[in-house]
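Below is one structure, written out as structure tokens; comments come after it.
The values are calculated or read from the model by the stated rules, or taken from the named source; none is laboratory data. The model shown is predicted, which means the values in this text are computed figures rather than measured ones. Note that each Cβ is placed from the backbone with ideal geometry, even for glycine, and that neighbours are counted across all protein chains shown.
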């Protein structure tokens, strides 16, 4: 009887896994709502949350997500997406890195630059792999040092390779680490370092 229960439990778990991954490949949630929900980020205009930032720019967000989905539909070998407000203007910077048979490149778009289309720039395989591996292994920082998730998180990171999808929230310290008491910048964060290596300027 116990063996039968174990078999049934394993079978149900297997069916659940298939239902979640569909054809074996995971998908990004390009609305980011499931990621924000999972991390307890609330809709709160007074806090200036990422929920508010996205919803106030719904048309802009749809343009970006449609473009990104179009590239994902081509089934690239590996891809990453960095998407965040442009500091300090509150515009939007979007970087989509793609690796396929044709080579490696990234698309970049900034609303601050009044860019209607994404710019495409080729990069070396070595640089792409270095950046992708760093992003794919990046662990999400906790929000406790900022008091609440609404104050701590300032963007989104998505990676996808061989059916392994990952999405995390980017902490404000992923862009700039600073001394709150003295209002001084201590160092450039790990995401800004990557954007600098791609020669992407956000101001």
Residues in segment 75-93: is at least one under 19 Å from the mean Cα position of the chain (by Cα), part of a loop (DSSP other than H, G, I, E, B) and surrounded by 18 or more Cβ atoms within 10 Å (Cβ to Cβ)? yes
Name the helices (runs of 4 or more DSSP H) wholly within segment 100-203 that hold at least 1 residues that are at pLDDT below 90? 149-152, 190-197
When (1) in contact (Cβ under 8 Å) with a residue 60 or more places away in the chain; (2) surrounded by fewer than 13 Cβ atoms within 10 Å (Cβ to Cβ) are applied to residue 126, the one that fails is (1)
Pick from segment 31-70 the residues that are touching a residue at least 60 places away in the same chain (Cβ under 8 Å) and in a loop (DSSP other than H, G, I, E, B): which of them is nearest to residue 99 (Cα to Cα)? 32
